[in-house]
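The values are calculated or read from the model by the stated rules, or taken from the named source; none is laboratory data. As the structure is a computational prediction, the values presented were derived from the model and not from experiment. Here the Cβ is made from the backbone with ideal geometry for all residues, glycine too, and neighbour counts use every protein chain on show. These accessible areas exclude ligands, DNA and RNA; they are computed on the full protein's heavy atoms, side chains included. Shrake-Rupley method; radii C 1.70, N 1.55, O 1.52, S 1.80 Å.
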Amino acid sequence: LVVLGFIRHDLDRSLSTYWKGYAWKEKPAFRLIDGKLEPMTAENRPSAINRFIAGHSRLVGVWRRVARSLNRHWAVGYRWKLNRAIFEAIRDDCRSAGIPLVVVHIPINRRTPLPMLAREFADMGIKFLDLNPLLPPDADRLYYPRDRHLTADGHRFTAGAIHRFLEKEGLDRAK
């Protein structure tokens with residue numbers, strides 16, 4: 001069984017070969033070429049000028065915010081197409097190995113419902129659990145206030161919700 005958890009920000013992180021957390025780190029990234037996933041390399045990555053414009057243009061920034069907002073309800077734009085292709089590749093790898101796949105959306109707060117996800121994962125034939133509607137009224141206790149990472153209570157909540165989902169789907173027993 002593969003349980004793949006993600007947060008909303010991961011859908012943006014898939015667009016970049018670098019991540020700035022405590023330090024800039026290179027990470028695997030992909031791009032769509034003729035509808036197929038291709039690894040992004042130094043040879044095919046956008047030029048420094050294009051990356052600068054993408055990172056500093058106000059117009060590009062406004063468009064990103066509009067696209068993110070639209071993506072909460074509809075699967076539109078390159079961001080979703082790329083992420084969908086990544087999820088489909090994971091699904092296909094799991095299927096070819098005969099391993100069930102469950103994808104879990106871990107919300108970082110109640111303000112990030114993504115209703116389109118359930119439709120899209122059903123369309124892809126992927127079992128999907130969205131934890132957002134399951135959050136308790138006192139959900140703030142599940143997160144550290146400064147960085148919105150899960151606390152110990154948050155991890156217990158997440159593990160319990162995943163376990164109940166696996167039981168319901170008949171995936172809680174080893175073969």
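Some points to look at:
- For I106, the solvent-accessible surface with a 1.4 Å probe is about 40 Å², rounded to the nearest 10.
- Global geometry of region 105-175, whether rounded, prolate or oblate, following the gyration tensor of its Cα atoms and the 1.5 cut on a/c: oblate
- Computed from the C-beta positions of R146 and R173 and an R0 of 41 Å, the FRET efficiency is 0.55 to the nearest 0.05.
- I99 versus R13: modelled label distance in nm, points set 7 Å from Cα along the beta carbon direction: 2.0 nm
- 25 Å Cα-Cα threshold exceeded, pairs from K36/K168; K81/K127; K27/K127: K36/K168; K27/K127
- Cα gyration tensor shape for region 63-167, rounded if a/c is under 1.5, else prolate or oblate: oblate
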